[in-house]
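The values are calculated or read from the model by the stated rules, or taken from the named source; none is laboratory data. None of the values given here were measured: they were computed from a predicted structure. Quick reminder, even Gly has a Cβ in these numbers, built from the backbone with ideal geometry, and neighbours come from all protein chains shown. In case anyone asks, the SASA skips ligands and DNA or RNA and just uses the protein heavy atoms, side chains included. Shrake-Rupley method; radii C 1.70, N 1.55, O 1.52, S 1.80 Å.
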Amino acid sequence: QVQLVESGGGLVQAGGSLRLTCAASGSRFSIDDMGWYRQAPGNQRELVAAITRGGTTNYAESVKGRVTISRDNAKNTVYLQMYGLKPEDTAVYYCNADVFLRSTLTRFRAWGQGTQVTVSS
C-alpha cells in the first residue's frame, strides 16, 4: 500500500507563513496528480491547490496569490507554501495523491491523515 504523511502545520499569526509537506511512501507505485484540501469545522472539504505530474497547477480562488503548490517527483513529495495567512485559512489540511500500484495494476486516490493549521488574529 501507499501512505501519505503530512507535516508542517501549526499555529501562526495572521499575515504569517507556513510550509506544508506531504510525502508518499510504499513500494512499486507511481503518482499522477497531487493536491491539498482543507476542512474547517462545520464545512465541507474543499480543494486548496492541485498539481499534475508535469507541474501544471490549479488554485482555489480564495488562496490565489497567497499559496504556491510544488512537488518533487523523485521524492514523491508535494509542498504547499502559504503566505499572508488569514484566520479563515484555519482548517485541517489534507494532501491527496492519485496512485498507480504496479503490483496490482490498480489506481486509487490516497489521503493523508491531515495536519492542523490555525491562524490567530
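Annotations
- Residues in the stretch 1-15 that are exposed (fewer than 15 other Cβ atoms within 10 Å of the Cβ) and not in a strand (DSSP E or B): 1, 14, 15.
- Matching residues in the stretch 88-110 - criterion: being part of a loop (DSSP other than H, G, I, E, B) and of a type outside the set (Gly, Ala, Ser): 90, 102, 104, 105
- Enumeration of residues in the stretch 18-49 that are assigned to a loop (DSSP other than H, G, I, E, B), under 16 Å from residue 88 (Cα atoms) and open to solvent by 60 Å² or more (accessible area, probe 1.4 Å): 41, 42, 43, 44, 45
- Of the residues making up the stretch 19-33, none is modelled with pLDDT under 95 and farther than 29 Å from residue 102 by Cα.
- Complete set of residues in the stretch 50-87 that are among the polar types (S, T, N, Q), assigned to a loop (DSSP other than H, G, I, E, B) and over 13 Å from the mean Cα position of the chain (by Cα): 56, 62
- Per-region count, the stretch 92-119, residues crowded, with 18+ Cβ neighbours inside 10 Å and either over 15 Å from residue 10 (Cα atoms) or out of contact with any Gly (no Cβ under 9 Å at 6 or more places or on another chain) (or both): 6
- Taken together, the residues in the stretch 60-91 that are free of Cβ contacts under 8 Å to residues at least 24 places away in the same chain, open to solvent by less than 60 Å² (accessible area, probe 1.4 Å) and more than 12 Å from residue 36 (Cα to Cα) amount to 2.
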